[in-house]
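The values are calculated or read from the model by the stated rules, or taken from the named source; none is laboratory data. Here the structure is a predicted model, which means the values were calculated and not measured. Counting neighbours? That spans all protein chains shown, and the Cβs are built from the backbone with ideal geometry, glycine included. Only protein heavy atoms, including side chains, enter the accessible area calculation; ligands, DNA and RNA are left aside. Shrake-Rupley method; radii C 1.70, N 1.55, O 1.52, S 1.80 Å.
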Amino acid sequence: MGAIRTEELLLNVGPQHPSTHGVFRIIVKLDGEIITEATPVMGYLHRGTEKLAENLNFTQIIPYTDRMDYVSAMTNNYVLCHAVEKMMGLEVPERAEFLRLIVMEMQRVASHLVWWGTYLLDIGAMSPFLFAFRDRETIVQLFNELSGARLTYNYMRVGGVKWDAPPGWLDKVRAFIPYMEKKIEEYDRLVSGNEIFLSRIQGIGRYDAETAIRYGLSGANLRCTGVQWDLRRNEPYSLYDRFEFDVPVGKNGDCYDRYLLRLEEIRQSLRILRQALEQMPEGGETMGKVPRAIRPPAGESYVAIESPRGEIGCHIVSKGKAEPYRLKFRRPSFVNLQILPKLLVGETMTNLITILGGIDIVVGEVDA
Amino acid sequence: MSEHQEDTKDVTSRETGEVEKKAEGEASEAADKADGKVIEADKADSEAPVDKVQSEAAQVGVKAEGEAPAPASEGAASEATAAEAEREAKRQAAAEARAARAAAKAAAEAGGAEGGAPAPAAPAERPARAPRAAAGAAADAAPAAPKEPSPLQPQLDAAAALVRELVDVDAIEEAYVNELGSHMPTLVIRPPYLRRTAELFHAHEALGCSYLRNVSGVDYETHMEVVYHLVNMASGQRYALKARADRSDPVLDSVTPVWETANWNEREIYDLLGIHFKGHPDLRRIMMPDDWIGHPLRKDYEPLDPEV
Amino acid sequence: MDWLSSSPVTWYDALVVFLWGVVLMLVVLGFVTYAIYFERKVIGWMQYRQGPNRVGPLGLLQSVADILKLLIKEDTIPRKADRLLFVFAPVLAFIPSFAVLAVIPYTQKLYFADLNVGLLYYVALSGISTLAIVLGGWASNNKYALLGGMRSAAQMISYEVPLVISVTGVVMMSGTLNLRGIVDAQSGGWFWDWNFLPQIIGFAVFVVAAISELNRTPFDLPEAESELVAGYHVEYSGFRFAFFMLTEYVYVYAIAGLATTLFLGGWHAPAPFLDFIPGIIWFALKFAFIVFFLFWLRATLPRIRIDQLMGLGWKLLLPLSLVNIFLTALFYELFQR
């Protein structure tokens, strides 16, 4: 009996696929159910934000930043505004900065809820998705009242925020915090101990700290290996140095640690929110002294903040004009995704979905 | 959007009334404008709104002349809609810019010290000014106090010394602290030494930059530049490495073997700017389709569809 | 149907039999329609939302609208697909699912076929649908469908074995393969005479294996939506897809009926003072509970991975069911002599 001829199966995951979280494609070579090689192909959502930015002044670029990481638009707004303010040496009034911090932390909770719901949906449990979106709905409604939009807020401006919070808004946020804390405990109890879930997630997609640093991972992807690196702590921006919060760090570097980390980050965000609401000044300006024409002096600058996905950075090269000469965004999903081909070799198709979901990407950000 | 309209209106009003004040206070900016004049005029060519074109052309004319408004600016403004006038303004601006640059350099010291720009430093991109900034005390701005060295100057000097010692004596083209960019120590490395400098920064325990945060490519009209932002996670020290490549045939060494982060970043730079990275494991287009011609992020890129 | 065997069969008898078959099919189709509706409603309630509530009063006509939509869709067959197999697969899937309904007894008097090997007949026929799924996956000329078909074949074969072995204990206790006989053997009057308590291990194995046979969550890998984009029926649309869906829900009916018969006492009341309520109601209640339990699991649990599924089937369920047989035999040897 001669050897049976076998071939590797070339399978295309995406660009239309329910679990790739956007228009994203992975070309997978399969040997049975084991992946021998995986090549991500991206660029389906490349909209040329950086090229467009060269013709727009900074206030006009802010709506474009919303659309990069559309699940976490407030942090995108912030990185651009913060970068310009640092270059120009502008001071942001206290109330505006508090408002910014509050919306950023609420955005972090909302983003992690989306991640949690969709991750569990990929794993097969369909109910947590609806629970997560129900709670996210509260946050999104609050943002709607604040800025007029549910997803792409265009709320921050260079020097402050566009509007002050409407009356009663802060009380609603205050009421939301204990509700969410209770819900997170409920979700944790519901899912985190489930046998099937644990067996699907533990030990999958493991890497160590050295690999993580070499690949430039950030956010929960880096901290799950034990590296203490959170830009809110290590390179404090905004008012984070005034609040007490923990930065959760994992041990094993697998998908389960990333999962637990992100849930813990929701709890810590709620903690920060609580403190911020207490310390917030009653009234105040929402916009600092900003010159009519926003022209950062000629030079360049790189500023990075901690978005729910990791380190988002903004590298501005300015020639002293209202438009940037070159605007480059360091997008966390783009950099985090690089480790995917390495992690997938030797895994099954099912684990591909688990690992990809655990990295938490938003394709709008991968492509920009 | 209203801010933008105000911006345009402001410029128009300024061009008529407040040119002197603007020219005085921002002489250094004028010198920079001279650098960017070609781009501006190019942009003015392709820009649709007429008033913006007018203002840009006038601005170019005005700025390039430095201190005083010239009748040429009116002439340029009135004929702004004609393409020949644009090129005329361009040539004029180019000539005057060169003259203005020389004048502005001397004036800029005083202008910068008087706090024309709100940022606490003169723009850090000037090669000629860098040694002066580094030396600090040697600045010959008489009315202003000598510029204080940046608090991170020692960090920069230590790093520069290490590079000169362990890589090559003339590996560094320039070294300065980018005060505008939150005092980031920046070293411009000559391309042949880039790889070894990268390895030094990665491996040496005094530098220990195991984390590459960002790789950006910038297309300056005269050359291309790639900027690497590094951080030492243990101590929090940040560095920026730069490498310049010439524009007609940009080739640089890839740092992917040192930091894997650079892999896709360099692919993106290759795709959008056309810089070829030697030693990259898999250099192919990443955002654009594989059979795309041209590099979209370049300043002279003609879009496929001219109406876009 | 005893009267069938008493006198020579005439054309009239054939017509009556046929009409009874039609009645069962209508009942089953009605069940399928409202099972789909209730599944969506129940899962919706568990997710803090309402299910369908627009089409018809309380959304009751939703499934009807869906079935109508499926029926009027364009019948697409991929160009390179194996036409004959592609067309045949859904039919092959559906026929056994309907055929096994013949042996399920509803009450003492209401049953269709009284086979002495009823249980064996059920198990044998339900295996044919596996064949149809593999066929459908192959004939679609689609890698995802192929993967789904392969997974399904592996899964169903692996769980067929514990399923059969787990009911062997019941057969040993009842002494017959005849489903009516098995229900009669549980007629003690109280619910603890039903087989699920004495045969608790067998019952547990049966439930898990049955869910796997049905390709329902947590064992719905062959149609794992988020991985394989609908697995083996990805290329099917319109009424061919409706056939696959129909098969799945008719099997739900069949398994629920079987479980009720084998383990939950069929049409017997849980207590003697309650047996004024007709048996068919008891049957329906137990049946409904099992169907609800399946929906509940779907709303709650995540999906198991293929290698874990295999491990579970071969390394856990099979030994457990063998242990069950051994214990049952031991019990009979020691206490029933």
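Protein heavy-atom surface of the stretch C:76-336, 1.4 angstrom probe: 74% of the accessible area is carbon and sulfur, with nucleic acids and ligands not counted. For the stretch B:188-258, the list of GluC sites (Glu not before Pro) that fall in a loop by DSSP and count at most 13 other C-beta atoms within 10 angstrom reads B:205. The simple spin-label model puts a point 7 Å past each Cα toward its Cβ; for residue B:284 and residue A:234 those points are separated by 3.4 nm.
The calculated FRET efficiency for residue C:331 paired with residue A:149, based on their beta-carbon distance and R0 = 56 Å, is about 0.20.
Ellipticity at 222 nm from helices only: DSSP H runs of n ≥ 4 in chain A, each -39500 (n - 2.57), divided by the residue count, give -15000 deg cm²/dmol.
Ignoring everything except DSSP H segments at least 4 long, calculate the 222 nm mean residue ellipticity for chain C; use -39,500 (n - 2.57) per segment, divide by total residues, nearest 500. Spell out each step's value before the answer.
Working: 14 runs with 215 residues, N = 337.
Calculated from helices alone, the mean residue ellipticity at 222 nm is -21000 deg cm²/dmol.
Computed from backbone phi, the HN-Hα couplings of the stretch B:211-216 come to 10, 9, 7, 8, 10, 10 Hz, rounded to whole numbers (Karplus: 6.51 cos²θ - 1.76 cosθ + 1.60, θ = phi - 60°; Gly and Pro given as x).
Taking amide hydrogens as placed 1.01 Å from N in the peptide plane, the amide H of residue A:32 sits under 5 Å from those of A:9, each at least 5 positions away in sequence or on another chain. Take the Cα of residue C:69, step 7 Å toward its Cβ, do the same at residue A:94, and the gap between the two points is 5.7 nm. Here the label points at residue B:246 and residue C:200, each 7 Å from Cα along the C-beta direction, are separated by 8.6 nm in the simple model. The stretch between residue C:19 and residue C:55 holds 9.8 nm of extra length on full extension. This uses 0.36 nm per residue minus the Cα-Cα distance. For the pair residue C:237 and residue B:302, a Förster radius of 45 Å applied to the C-beta separation gives a FRET efficiency near 0.50, rounded to the nearest 0.05. In the stretch C:1-72, the ratio of gyration radius to Kirkwood radius, Rg to Rh, stands at 1.27 when only Cα atoms are counted. Amide hydrogen proximity for residue A:307: with H placed 1.01 Å from N in the peptide plane, the residues at 5 or more positions away or on another chain lying under 5 Å are A:312. How many angstrom lie between the Cα centre of the stretch C:313-337 and the Cα centre of the stretch C:229-288? Answer, in whole Å: 27.
Just how much of residue C:60 is accessible, in Å², when a 1.4 Å probe is used and the result is rounded to the nearest 10? Roll a 1.4 Å probe over it and residue C:60 shows about 60 Å².
For chain C, take the longest principal axis of its alpha carbons; what is the angle in degrees between that and the long axis of helix C:128-139, to the nearest 10 within 0 to 90? The helix C:128-139 is inclined about 10 degrees to chain C. Within the stretch C:137-228, the chymotrypsin sites (Phe, Trp or Tyr not before Pro) that combine a DSSP coil assignment with at most 16 other C-beta atoms in a 10 angstrom radius are C:190.
Per residue of B:257-269, count partner chain C-beta atoms within 10 Å of its C-beta, then hand back the mean as an integer. List each step's numbers first, then the result.
Details: counts 0, 1, 4, 9, 9, 3, 5, 9, 6, 0, 1, 8, 1.
Other-chain Cβ atoms within 10 Å of each residue's Cβ, averaged: 4.
With the gyration tensor restricted to C-alpha atoms of chain C, the semi-axes of the equivalent ellipsoid amount to 33, 25, 21 Å, longest first. In order along the stretch A:144-155, the Karplus-derived 3J(HN,Hα) couplings, from 6.51 cos²θ - 1.76 cosθ + 1.60 at θ = phi - 60°, round to 4, 5, 6, 10, x, 9, 9, 10, 10, 7, 6, 8 Hz, and Gly and Pro are given as x. Calculated FRET efficiency, residue A:3 to residue C:117, Cβ-Cβ distance, R0 = 35 Å: about 0.20 to the nearest 0.05. Normalised by 2.2 N^0.38 Å, where N is the number of residues, the alpha-carbon radius of gyration of the stretch B:153-278 equals 0.98. Remark: accessible area buried at the C-A interface is about 2500 Å², both chains counted, probe radius 1.4 Å.
Hey, got a sec? Which GluC sites (Glu not before Pro) in the stretch A:279-332 land in a DSSP loop and have at most 13 other Cβ atoms within 10 Å?
Details: sites: A:282, A:285, A:300, A:306, A:311; in loops: A:282, A:285.
Here the sparse-neighbourhood loop sites are A:282.
Once you reduce the stretch A:249-320 and the stretch C:138-214 to the center of their Cα atoms, the two points are 55 Å from each other. From the backbone phi of the stretch C:259-273, what are the Karplus-calculated ³J(HN,Hα) couplings (6.51 cos²θ - 1.76 cosθ + 1.60, θ = phi - 60°) in whole Hz, Gly and Pro given as x? Karplus-based 3J(HN,Hα) across the stretch C:259-273 equals 4, 4, 5, 6, 10, 10, x, x, 9, 7, 6, x, 8, x, 6 Hz.
Amide H contacts of residue B:211 (H built 1.01 Å from N, in plane; Pro and chain starts excluded): B:231, B:233 sit under 5 Å, all sequence-distant by 5 or more or on other chains. Taking only Cα atoms and a 10 Å spring cutoff, compute GNM fluctuations for chain A and point out the largest among A:287, A:74, A:156. Comparing A:287, A:74, A:156 in a Gaussian network model of chain A, the most mobile one is A:287.
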